[in-house]
1. THR78 versus (1) in contact with a helix residue (DSSP H, G or I) (Cβ under 9 Å, 6 or more places away or on another chain); (2) open to solvent by less than 20 Å² (accessible area, probe 1.4 Å); (3) at negative phi: which is the lone unmet condition?
2. Of the residues VAL393, VAL385, only one is in contact with a strand residue (DSSP E or B) (Cβ under 6 Å, 6 or more places away or on another chain) and surrounded by 13 or more Cβ atoms within 10 Å (Cβ to Cβ); which?
3. Looking at (1) out of contact with any Phe, Trp or Tyr (no Cβ under 6 Å at 6 or more places or on another chain); (2) not in a helix (DSSP H, G or I), which is the one condition that is false for LEU519?
4. Which condition number in (1) part of a helix (DSSP H, G or I); (2) within 14 Å of the chain's Cα centre (by Cα) is the one that ALA126 fails?
5. Which members of the stretch 174-196 meet the condition of being in contact with a Pro (Cβ under 8 Å, 6 or more places away or on another chain) and surrounded by fewer than 21 Cβ atoms within 10 Å (Cβ to Cβ)?
6. Please state which one of TYR694, TYR657 is at pLDDT 90 or above, open to solvent by 20 Å² or more (accessible area, probe 1.4 Å) and in contact with a Lys or Arg (Cβ under 8 Å, 6 or more places away or on another chain).
7. Within the stretch 83-105, work out how many residues are surrounded by 24 or more Cβ atoms within 10 Å (Cβ to Cβ), free of Cβ contacts under 8 Å to residues at least 60 places away in the same chain and more than 15 Å from the chain's Cα centre (by Cα).
Amino acid sequence: MELLAPAGSPEALRAAVQAGADAVYLGFGPLNARRNAKNFSREELEEGVSYCHLQGTRVYLTLNTLLTDRELPLAAETAALANEIGVDAILVQDLGVAKLVRETCPDMEVHASTQMTVHNLDGILACADLGMTRVVLSRELPRSEIEGLCRKSPVELELFVHGALCMAYSGQCFLSALLGGRSGNRGLCAQPCRLAYGWPGEKGTCHPLSLKDLSLAGELKELEEMGIACLKIEGRMKRAEYVSVVTGIYAAALREGREPRPQELAQLEAAFSRQGFTQGYYADRKGPEMFGIRKEGTRDPEDLFAQARQFYGRGEHKLSPVTLSATLRQGQPLTVTAQDDQGHTVTAQGAEPQPARTRPVTREQLEQQLRKTGGTVYQAAALDVQAEEGLSVPLSAVNGLRRQVLEGLDQARTQVPPRRQVPFQPPGKEKGSRETPAFSLSFRRFSQLSRSCLEEGPKLVYLPSQEWAGHGEELARWVEAFPEISFGVTFPRVVWDRELPRLRKELEEAKKAGATQALLGHVSQLALAREFGLVPRGDFGLGLLNSLTAQELAVLGFASATVSFEGKFGQIRDLNKPLETELLVYGHLPLMLMENCIMKNWGKGCHCESGTQILRDRKGESFPVESAWGCRNELFNGKALWLADKKADWTGLGVTYARLSFLREDAQTCAAIFRAYRKGEGEGPDQFTRGLYYRGVE
């Protein structure tokens, strides 16, 4: 298995390499998921790639954020630079960026970041169809799901083995963006999940969103047997000393075919932890024991870190094995050859040896000179010396040829392979619909639906799959009564492979009741929607923020796509619209999709059927917690997005549909809100938000 270490700075890069990392991942410029890390200048990036390749370490560049149209040219420049200097692969989240890299750097490997929320086989297959050669799996998956994916995946699978855990599925968190304008999908997460929250009616606070760090130390052999291609360490925001300690422990264990020892486990916890580590997701045991915090005043282990600094700051510890051979024959030039573990071979020749007058050169002397690889990144792992007796050659000549072949290996290892580069062509502009947007309505529960609401004339109506399964006969009557309305199924954004049978049954019921549309939260669901004959429409989970993503979704066959609510109105207006688009104009915006049930964790009981809860932050703001499909939780903004009185601002954006998304509203309230939007007037709730459409995100 490959061991992939974080490199948030040039110092951390050196620390990772010297500790034994097989590969490093790093960011360059503002277009990566850790914009607050030190990251790399162009000169540092070029030097870092050369240094890593000399050491036999691969380099992966993170280009794994959602981008706007204005950022696409910079993304193309970044990809071109990576292509030019020999970066080994680029990690992406944005489907448009994947398309950009694929078209402008066709020889560059593309990896699906964990920000793509890939959690099932269909997701892996979708990434493979998009030309990706590796997928980073969601951290919430248990061993049984991982094992099954390894057996069936056509591409390499990468798994986080150590480091911080996000409370939400990566790529499906909007908490930082909505609270402070710093988007986790744009590389600036402020980590509000680490803060304290309270429950109504209770004194004191807790940390229901702060997970302990992950550590799969002790499971390395099992992961290798499963077929995981790469183990990933999180930590581009961490100190170089941390990178050195953690990488060194995992590298030694992998190298020696063992699990980390008790002393090493103690060092891992000392380097950084939040009241210990967790394997809860991997072990399929969710619960409150998975949660922890970093107590105020906790200091870094300076003695341990000082040892780490001393280690990676002095000399080269990661030495590549080479085979050195020498041939000494009368009438032939002295020949020295070096072959490394990457298959590079370099040969150099010197003068012909002369008959010895006094002391001939022995085989042992030649071997001794070949072993002198100090000051290089090589270690003589094997020697092959063919020497005829009675010949003489200056040992300095042998040393010179040895230096020459090793320098030749340096050049061969750092040489950039020939790669194609295609100029970036900015996407054209199709402004979309010139008509006033039609309305689409998204309901959380069947009970919110009413005749008065449907008589207001929505074009599309969506309900979750479980509501179709539970109210199929009633919904069939609504479908028959309103043939001018297209009724659709809202797919859950996360569906593990073991959960597919349940979803299939629900889709059968929906199809039987007359559903014709599918609102998809993930690209992996496209095949399933087609299988059931449903028209695929993309939800906000697809991250539509730029024109290349819109083009890619159109090519994939989506009939429409919902633009990201992290975009500003101006960005949405300028978006190329080769397919119909939807805009969220009302609703409690989703903030986090969570695998853990925080209501059950904190003694609030099971609320899968009926109940909801409220979290409050330190400022007194409320956040509804709702049960989600698959016994998951979803956190929402307590203030509803309200734009009924701003209709002029969003009717001219070129979108086809304006969507109202209802959460806890009763049927009467849903109908009243819809009427207000139809008329473009009316007072909003006591507390509401304009979302991010005016202020945007960083």
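1. Condition (1) is where THR78 drops out.
2. Working: VAL393 fails: in contact with a strand residue (DSSP E or B) (Cβ under 6 Å, 6 or more places away or on another chain).
Going through VAL393, VAL385 in turn, just one is in contact with a strand residue (DSSP E or B) (Cβ under 6 Å, 6 or more places away or on another chain) and surrounded by 13 or more Cβ atoms within 10 Å (Cβ to Cβ): VAL385.
3. Only one criterion in (1) out of contact with any Phe, Trp or Tyr (no Cβ under 6 Å at 6 or more places or on another chain); (2) not in a helix (DSSP H, G or I) is unmet by LEU519, namely (1).
4. The failed condition is (2).
5. Of the residues in the stretch 174-196, the ones in contact with a Pro (Cβ under 8 Å, 6 or more places away or on another chain) are 174-176, 179-180, 187.
Matches in the stretch 174-196: LEU179, GLY180.
6. Details: TYR657 fails: open to solvent by 20 Å² or more (accessible area, probe 1.4 Å).
TYR694 is the lone residue from the list that is at pLDDT 90 or above, open to solvent by 20 Å² or more (accessible area, probe 1.4 Å) and in contact with a Lys or Arg (Cβ under 8 Å, 6 or more places away or on another chain).
7. The total comes to 2.
For (1) in contact with a His (Cβ under 8 Å, 6 or more places away or on another chain); (2) more than 21 Å from ALA15 (Cβ to Cβ); (3) of a type in the set (A, V, I, L, M, F, W, C), each residue gets a yes or a no:
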site	(1), (2), (3)
GLU222	no, yes, no
ILE228	no, yes, yes
GLU234	yes, no, no
TYR242	no, no, no
THR247	no, no, no
TYR250	yes, no, no
ALA253	no, no, yes
GLU259	no, yes, no
GLU264	no, no, no
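The values are calculated or read from the model by the stated rules, or taken from the named source; none is laboratory data. Treat the numbers as computed from the prediction; the structure is a model and nothing was measured. All Cβ positions, glycine included, derive from the backbone under ideal geometry; neighbour counts span all protein chains shown. Remember, those area values only see protein heavy atoms, side chains included, never the ligands or the DNA or RNA. Shrake-Rupley method; radii C 1.70, N 1.55, O 1.52, S 1.80 Å.
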